[in-house]
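Written below as structure tokens is the structure these notes are about.
Every read-out reported here was derived from the displayed coordinates using simple, explicitly stated rules and does not represent laboratory data. All values derive from a computational prediction rather than experimental measurement. As a convention, Cβ positions derive from the backbone with ideal geometry for all residues, glycine included, and neighbour counts pool all protein chains shown.
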Amino acid sequence: MAADRRKFQILSLFLIFLGCFRAVESEQPKSGTESSPQHPVTLFTADLNATSSDVKKTLPTNTTQTDDPTTPPTGAQTTKGPTDGPPTCPSNARCSVLAAQCVQCTYNSSCVYGRDITVECHVKEGIQCVGPLTFTRTMKCQFCYQTAETEHDCTHSIDCKVISTPRERFQANCTVKEYIFCFGARTFPKSLECNWTSGYRWSTALILSITVGGFGVDRFYLGQWREGLGKLFSFGGLGVWTLVDVLLIAVGYLGPSDGSLYIY
């Protein structure tokens, strides 16, 4: 009985295997004209390659892309804009109102100093402007170093002492403002009086000297800590030192230790 049951199970498994084999064989193509079904991944890859080919056909073949955004592609057509001049020379402005750095004028230094004269000017090469390139301008007969203080800008120095008799001077470099026409070099050296401040106020120093000057607070405020200690331990020189400092600060003789000017 057990042997018959085993034979039946083996026969059933054989029939099931035979049926599966025939089912698989029936799904295969019967002739060479029929193609086997492709895997979904293969179909997606083929579609992607076809799309990439279409995109490449639409791109120009004579351009080369670069990583630098400021570099135009090789082979691409670029439009050359107007040539820019110095920073003070705006593009497409009226030629007759350009700054002195943007034009070349014919000067006559034999004129009378201080009088108004008319000079002929021409726009420098490479500067784009509107109107005639040659025009006339009215200017004062003077060299650039003879211009007024309001007509040029100068450098400053903090390496000199303001509180000194006579006041120290330093050599500054001055440059004429852009719309001032004059003869000679537009940048020139000029001797100026030392005139700078570091934030000390005259009113604050005077109030401190009157109220708590006996403790040397005014000297500490001005950066003179040695004199401040002397006033502190001598109780303001028994009042004499305090009175003298009040007078010196009031007339402006006693100033900050760094040699700068007061802010009034």
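General remarks:
- Considering only beta bridges that DSSP places wholly inside region 93-141, some 85 percent are antiparallel.
- Charge dipole of region 165-264 (Cα centre as origin; +1 on each Lys and Arg Cβ, -1 on each Asp and Glu Cβ, all else neutral): 220 debye, rounded to the nearest 20.
- Summarised as an ellipsoid, region 93-141 has semi-axes of 22, 10, 8 Å, derived from the eigenvalues of the Cα gyration tensor scaled by 5 and square-rooted, with the largest first.
- Averaging the Cα positions of each part gives two centres, and for region 198-264 and region 83-150 these lie 53 Å apart.
- When each of the peptides 114-126, 132-144, 91-103 is scored by how many other beta carbons lie within 10 Å of its residues on average, the order from highest to lowest is 91-103, 132-144, 114-126.
- Gyration tensor analysis over the Cα atoms of region 199-263 returns equivalent ellipsoid semi-axes of 18, 12, 9 Å (largest first, whole Å).
- P(r) for region 90-222, from all Cα pairs and a bin width of 5 Å, is 2, 9, 14, 12, 12, 10, 8, 7, 7, 5, 5, 4, 3, 2, 0 %, short bins first.
- Dipole of region 87-232 [Lys/Arg +1, Asp/Glu -1 at C-beta], most positive-end residue of Ile127, Phe220, Thr150: Phe220
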